[in-house]
Every structure is written in structure tokens, then in C-alpha cells.
Amino acid sequence: MSQTIRLTLKIWRQKGPADPGRFETVAVDGVSTDMSFLEMLDVVNEKRILEGGEPIAFDHDCREGICGSCGAVVNGRPHGHLRGTTLCQLHMRHFRDGDTIVIEPFRARAFPVIKDLVVDRSALDRLIQAGGYVSVNTGSAPEANTLPVPPDRAERAMDAAACIGCGACVAACPNASAMLFTSAKVSHLALLPQGRPEAARRVLAMVRAMDACGFGNCSNHRECEMTCPKEISIVHIARLNREALKAGFLSPEA
Amino acid sequence: MGWLVSLLGSSVGKKWMMAVTGFAFLGFLAAHFAGNLTVFGGRESFNGYAQKLQSLGPILHLFRAGLIACALVHITTGLLLFLQNRRARPVGYQVAASAGGRTLSSRTMPYTGLLILAFVVFHLFHFTFVPPAPLTIFDRVAAAFRRPELVALYTAMMVVVALHVRHGFWSAFQTIGAHHPKYMPWIFALSLAAAFATAIGFGSLPILVAALV
């Protein structure tokens, strides 16, 4: 049964990167519990636009939890309090009538705020550019059985490849570290034969890029894996550490 | 040489140094604990242990130098990591919330670490850098733990060490990449066991000495 609830939103408003920003309190009435969190923000914005106000800027795209565009910190939790869920898939039935909801952008030195809840996550793109790929010759695809991949290994690689690059791990980490994101990429490719030839170069380059972007260091708080909408495990962080040890001390790569 | 500096200077390299030196301290704690047990053998047993340690001469100095080197690396790297991590989020959150990953132990690591440093300095001047005569080490320990405030300080500090061990132990394995579905549950359990062993094993010692000696 659909109900409506009344909410008080405390939303971070920031006109641009140079604006110091502030919280704005917005009272919202008649929020259907069937709405998603972003639909609730849409309703707030539509009302604002009709009234001639400035809508709240937030990132979104697919709204089905697979693109990695959305994400804000809701009551201190990136993507909200529901486990394994992106913000677009968080529904208002998980809130109670009369709740106050504090909505903030992802906070990290490497993720500067562009406007309101929109942050610049291009640091994650720089990490991918540093090594989150495999180099293959174009042309006809090789015969599938020339590269055997055991199913359990494929599954583990797939667990890491589930990363949608939303950056919630960085936002959730007390140190604003990008280790879960980076390790998901390193692990995904290190587990597959296609990724092995560049594994040593990849892990060292990605760690270097991660440090250059100004992310913090991993302290094994595990907030990232608890927050990740794809529930990516810190097992991958251990694999990154292992791959980096091997690459750093045993490979000719520097 | 340049490759080594940049490798150990990277974020993962700094964590490896924390892990390896941390393992060394865990080894030291185990040895220190075994040595402490001789106090229950009485005056001769404990003084004998202390004399045996001293008679090791160059070996003792080698171990001490190793521990000091580990301490320097652990402390400077730890402080550097702490400062870098603070810098990585210049603007904090209005609402501080946890998804359930952080523990009392994990969130207090830098602070318990600094407390332990202060305690170790005090402890060394209290029992180690002291003349062997006229008071023997047994007399000093027995006298110290007749004072309730010192019993309280030592016991409380052992709880602080236990908190540091609780997160440090499993964390060190994770950092060097030793995370395996078969062994990780054991490592987590051992981490908790090591913390309790530290708190109870070391922490009860001043109380027992006060009661028995």
C-alpha cells in the first residue's frame, strides 16, 4: 500500500567549486513511499523550477543501479543506509514520516565538488587510464578454447568486475582511499589470462596514479565493502597488495 | 635503489612497512610475555631471567637495535599515513555514520599507537634503563606494583595495547596480501585471541604481582 510521508531535507548547496557552500533546509510533503530517492529529489526540483528557484544539482543516469552515476551521502552513508544499493534504487519506504534527512556530496580531496551534490570523479578515470585495461590486437576474435578460464576464477573476476565506478568506497572510507575501486580493477584483470601479461605494470601504475590523485591510504576499516552497492569484498584489496608485492619486488617493472 | 624508495614510499609500500614492523612487535610481545612469566617463579627466577638477558651482550644489542629501527619505521610511517589520510578529506561530513566496518579498535589506531609510544618510553625508564644494584629488577617490579596507581596505569595501558593488536594483527595479514577464504576466519579469530591474550596476560600481571609478591 502506497503511503505518503513528510520529510525535512538538509541539503548541501554549493553554487560552484569556489563557493564555500552551506546546508539548506527543505520541508517536503506528500512524498510517496513508492518513489525512489532520486524521484523524491525530482519532485522537489520540479516544484522549485515552477517557483523560479534553482534546482538541486545531482548526478544520475540509468536509475537502475548499474551505471555508477548517482550517489550522495544520505545521513552519513554514501547511497543511503540500505546494503548493496545505489541511491537511485533506494526507495522512500525505507524512511519514516517526519524523518530529517541530511544529504551531502561525496567528500574527498580527489573528488572536488562541482555543484551541490555533483562531484568531479574524473580521478577514477585517471586510475583506469593508468592501467585499468588490457591491450589486445584488433581483428577476428581468437578461438574461445585457446584461453581456458576455470569457472570459479571467472566468477571471482566477475565479482570484481561488478564495480560500477560510483566512488562510494572513497566517500565511505574514513581516509578517502580509493583502494577498493583500484583493487577491483587490478583483481578483475589479474584473475584472467588476458590480464596477466600487463599485470605487473598495471598494478604499479595504478598505485602510482592513486597516490598522485590525492586519495588517502587504506587502513582496513572495511567501510568500503560495507558500503559498495555491488558488495565488492576487500579480498580484492588483499589481491592488489599481493600483486603489488610481486610486481614491486619480483618483476623488472619499476 | 630508486625503485625501492618509490615502492616503499607508495601508499601500499608504507602499509607493508607498517605490517612487517607490526609483526616484529607481535613477536616481541610474545617473547616479552614469556619472559614476564618468570616473575611468578619468585625473586631468583625473575632476576635470573634478567641476568641471562643482559649476558647475551651483542645479541641483545642486535635485537634492541632491530626493535628501535622497527619502532622508528612504524612511528614515522604511521604518522605520515595519519596526516596523509586526514589531508585526503579536507571537508568532513555533517553526519558521521558507519556502515559497520569500523571498530573501536580500528578507529583509534593512531591514538592507541601514540599512547603506546608514551608508555614504552615510561616503561623503559621505569624498569630497563635502571642500575642493576642495589635494588634488583625483582625488587623494583615488586615495589612498583605495591602502588595502586602504577598497577592501574600498567593494566589500563595493556588494554590500550590489546586494542591496537586487535586491529593491527589481522590488518597486517590483509596488507601483505595474505587473505584467503580458508585461513581468513582463523586470522580474524587469532586477532581477537591475541588481543585478549595481551589484555589478560599482560594486564593481569601487575595485579597478580601486587597480590602475590
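Filtered by the rule that a residue be part of a strand (DSSP E or B) and under 17 Å from B:Pro90 (Cα atoms), the stretch A:5-28 gives A:Trp12, A:Arg22. Counted as qualifying within the stretch A:172-254 are the helices (runs of 4 or more DSSP H) with 2 or more residues that are surrounded by fewer than 19 Cβ atoms within 10 Å (Cβ to Cβ), namely A:199-212, A:235-250.
Kindly evaluate B:Ala152 against the criterion of being away from chain A (no Cβ under 14 Å), small (Gly, Ala, Ser) and over 30 Å from B:Leu60 (Cβ atoms). Yes; evaluated as a whole, the condition is true for this residue. Pairs linking a residue in the stretch A:48-59 that is closer than 23 Å to A:Phe106 by Cβ to a residue that is surrounded by 14 or more Cβ atoms within 10 Å (Cβ to Cβ) and among the acidic types (Asp, Glu), with Cβ atoms under 8 Å and 6 or more positions apart or on different chains, are A:Ile56/A:Asp116; A:Ala57/A:Asp116; A:Phe58/A:Asp116.
Let's see how each residue does on (1) over 18 Å from A:Ala157 (Cα atoms); (2) out of contact with any Lys or Arg (no Cβ under 7 Å at 6 or more places or on another chain); (3) in the same structural domain as A:Ala154 (by TED's automatic domain parsing):
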residue: A:Ala178; (1), (2), (3): yes, yes, yes
residue: A:Thr182; (1), (2), (3): no, yes, yes
residue: A:Leu191; (1), (2), (3): no, no, yes
residue: A:Gly214; (1), (2), (3): yes, no, yes
residue: A:Asn220; (1), (2), (3): yes, yes, yes
residue: A:Met226; (1), (2), (3): yes, yes, yes
residue: A:Lys230; (1), (2), (3): no, yes, yes
residue: A:Leu245; (1), (2), (3): yes, yes, yes
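What are the residues in the stretch A:187-225 that are over 23 Å from B:Ala99 (Cα atoms), over 18 Å from the mean Cα position of the chain (by Cα) and small (Gly, Ala, Ser), if any? Answer for the stretch A:187-225, where residues must be over 23 Å from B:Ala99 (Cα atoms), over 18 Å from the mean Cα position of the chain (by Cα) and small (Gly, Ala, Ser): A:Ala190, A:Gly195, A:Ala199, A:Ala200, A:Ala205, A:Ala212. Taking helices (runs of 4 or more DSSP H) as the structural unit, those lying wholly within the stretch B:106-196 and holding at least 2 residues that are closer than 26 Å to B:Phe82 by Cα and modelled with pLDDT of 95 or more correspond to B:109-123, B:148-175, B:184-196. Residues that are of a type in the set (Ser, Thr, Tyr), more than 8 Å from every other protein chain (Cβ to nearest Cβ) and closer than 17 Å to B:Met17 by Cβ within the stretch B:155-178 are absent altogether.
Look through A:Gly98, A:Gly65, A:Gly84 and report the one residue that is small (Gly, Ala, Ser), within 14 Å of another protein chain (Cβ to nearest Cβ), part of a loop (DSSP other than H, G, I, E, B) and in contact (Cβ under 8 Å) with a residue 12 or more places away in the chain. Don't jump to the end; show me each part of the working.
Values: A:Gly98 fails: within 14 Å of another protein chain (Cβ to nearest Cβ); A:Gly65 fails: within 14 Å of another protein chain (Cβ to nearest Cβ).
The unique qualifying residue is A:Gly84.
If you take the residues in the stretch A:70-81 that are touching a residue at least 24 places away in the same chain (Cβ under 8 Å) and assigned to a loop (DSSP other than H, G, I, E, B), which one is nearest to the other protein chains (Cβ to nearest Cβ)? Please lay out each step first, then the result.
Going through the stretch A:70-81, the residues touching a residue at least 24 places away in the same chain (Cβ under 8 Å) turn out to be A:70-80.
Still in the running and assigned to a loop (DSSP other than H, G, I, E, B): A:70-72, A:75-76, A:79-80.
On the way: A:Cys70: 18, A:Gly71: 14, A:Ala72: 11, A:Asn75: 5, A:Gly76: 3, A:His79: 10, A:Gly80: 10 Å.
Residue satisfying both the conditions and the ranking: A:Gly76.
Taking the numbered list (1) within 14 Å of chain A (Cβ to nearest Cβ); (2) free of Cβ contacts under 8 Å to residues at least 40 places away in the same chain; (3) part of a helix (DSSP H, G or I); (4) small (Gly, Ala, Ser) in turn, B:Ser98 passes all entries but (3). Can you pull out the residues in the stretch B:134-155 that are within 19 Å of B:Gly42 (Cβ to Cβ) and of a type in the set (A, V, I, L, M)? Residues satisfying the conditions are B:Leu135, B:Ile137, B:Val141, B:Ala142, B:Ala143, B:Ala144. Across the stretch A:121-130, the qualifying residues are those that are surrounded by fewer than 18 Cβ atoms within 10 Å (Cβ to Cβ) and touching a residue at least 24 places away in the same chain (Cβ under 8 Å), and the one among them that is farthest from A:His60 (Cα to Cα) is A:Gln129.
Scanning the stretch B:11-56 for residues that are of a type in the set (Val, Ile, Thr) and within 14 Å of chain A (Cβ to nearest Cβ) yields B:Val12, B:Val20. For the stretch B:28-74, the candidate set comprises residues that are closer than 14 Å to B:Phe138 by Cβ and of a type in the set (Gly, Ala, Ser); within that set, the residue that is surrounded by the most Cβ atoms within 10 Å (Cβ to Cβ) is B:Ala50. Would the stretch A:226-241 turn up any residue that is within 7 Å of chain B (Cβ to nearest Cβ) and more than 20 Å from the chain's Cα centre (by Cα)? Yes, because at least one residue in the stretch A:226-241 is within 7 Å of chain B (Cβ to nearest Cβ) and more than 20 Å from the chain's Cα centre (by Cα).
Which residue out of A:Leu82, A:Leu87 is crowded, with 16+ Cβ neighbours inside 10 Å and either within 18 Å of A:Asn45 (Cβ to Cβ) or β-branched (Val, Ile, Thr) (or both)? Exactly one residue qualifies, and that residue is A:Leu87.
When the stretch B:75-105 is filtered for residues that are loosely packed, with under 15 Cβ neighbours inside 10 Å and of a type in the set (Lys, Arg), only B:Arg87 remains. For the condition more than 14 Å from chain B (Cβ to nearest Cβ), surrounded by fewer than 22 Cβ atoms within 10 Å (Cβ to Cβ) and touching a residue at least 60 places away in the same chain (Cβ under 8 Å), A:Arg93 qualifies.
The values are calculated or read from the model by the stated rules, or taken from the named source; none is laboratory data. What you are looking at is a predicted structure, and each value in this text was computed from that prediction instead of being measured. Reconstructed Cβ throughout: ideal geometry from the backbone, glycine too, with neighbour counts over all protein chains shown.
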